[in-house]
Each structure stands twice: as structure tokens, then as C-alpha cells.
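A.B. asks: Provided herewith is a single structure, encoded as C-alpha cells, for subsequent inquiry.
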């Protein structure tokens, strides 16, 4: 593969030749110089495209080399001697991963029973390399879902730990998204419509990747119940409605309205 310096030198040589051709054109070589210049411009565009492609290949090779070095260091540190078939490819993929992301288009609540509210949810967690490519890796996946509309001691509404065998069966590849797809019923029914989901991927080389994202769901009737304000102590909704002063409209009475000591009479 060409080095960066040789690529730059080739590009410089083409540009110098183009400059000389342009000078020749200004000196009186009309039609012939114009054709030569156009030809050199086309060759320069082709050369630029080739250089860009070579630079991308060089960067990919550097990433692969760094992954291989990390793989060797990890195997040496763990004292592994016998390596099962397929592990080198999996390790190379794993070392190229630098983050995980939640695919929001493929994540959210699921309503399959036709009743109000989502009784299930689904997540699509995608391991990615520095260029944003999704990579299939081997590892454990941990999921925690929080509902911050609930009291602090009840905000964790679900927790799952999935081993390597389970995540291997969860891999999904589709048009909309690719990654680990996990679908399950709620451990505790949420009350809020916007939840917080924390995912953690533990790869076989001992690295850890975390992601926290929002998860939009339909909480159904439980959301309406949790959003309904509690009645003020000592005053029920029936008594408040019956005690509306004469001549007042209910729309004129705010939530902080205090009933007078004596009933109001119309003038």
C-alpha cells in the first residue's frame, strides 16, 4: 500500500504539470494547450479520488492493526493458549467497537393486546466503530429502565442481565436497523410516558460500553392516574363543587382558591 508521503508527491507532480500547461496556454499555445489542460484536469480529478480512497484504506488498516495489538495484549494478559475457531474474527470486531447506541426508530413501547397502554417494550442496541459502522460482537448486555415520575425508591422499574449465549440469539439485521434486539414485558408498569433506559455492553476482551437514552412509551391509564392531582386535605371534589359561591363561574376559581368563612350572597 502507498504511504501518505508518496501519495502527496504524486499529487504535487500532477499539479505542477497542470500549472505548466496553463502557462503554456497563456503563452500562445491555444487549442492544443486547452486540450492538454482539460486532459490534465480530468487526470487530476481521478488522482484525487484515488488518493481519498487510499487514505481511507490506510486509516482502516491502522484501526485493524491497533485492534490486533490490543487482542495480542489481552490474550497474553489472560494467559489464553487454546483459542476456539472463530475467536480471532470476533476479537477483531470487538476491538474496533468504541461505543454503543440505542436505535430510537426500533426502540419503544409495544401494544399487542389492543388494550390502552403498552404492555411490552423493545430495544435495539447497536455496537459501532469510530466510522459509525455497526459491528456484531460477542459479550454480555445489561439493561436498566427508570421512571423518574415515581418516588425515588421506585424509579427502577426493570433490570435485565443477558449472557453471551442470549445476546448471540438476539442479533437482528434489518433495513431500518441492526444490533441486539431485546423485547420483553414490563417488570413494573411505568407511569410516565418518557423513560430513561441505561444499557451496558461487556465485551469478551473485558471492555465496557455504556449508553443512556430516552424511551417513549404509552403508559395508558396508569399515566392518567399518576398525573391526576390529589384532592386537598379536608375538601373533597364534591364539597368544593357544591360550595361554589353564587354568581361565580367554575372557570374563575383557580386551584388555590380558598372558601370564605361566610357564604357569598348576590347583591
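Since every read-out is calculated from the coordinates, none of them should be taken as a lab result. What you see is a predicted model, and the numbers here were worked out from it, not measured in a lab. With ideal geometry, Cβ positions are generated from the backbone for all residues, glycine too; neighbour counts draw on all protein chains shown.
A.B. asks: Can you give the FRET efficiency to the nearest 0.05 for residue 163 and residue 131, using r as the Cβ-Cβ distance and R₀ = 25 Å?
C.D. replies: 0.30
A.B. asks: Using a 10 Å cut-off on Cβ atoms, rank the peptides 138-148, 52-62, 206-216 from the highest mean neighbour count down.
C.D. replies: Order by mean packing, descending: 138-148, 206-216, 52-62.
A.B. asks: Please rank 217, 134, 176, fewest neighbouring Cβ atoms within 10 Å first, as an exposure proxy.
C.D. replies: 176, 134, 217
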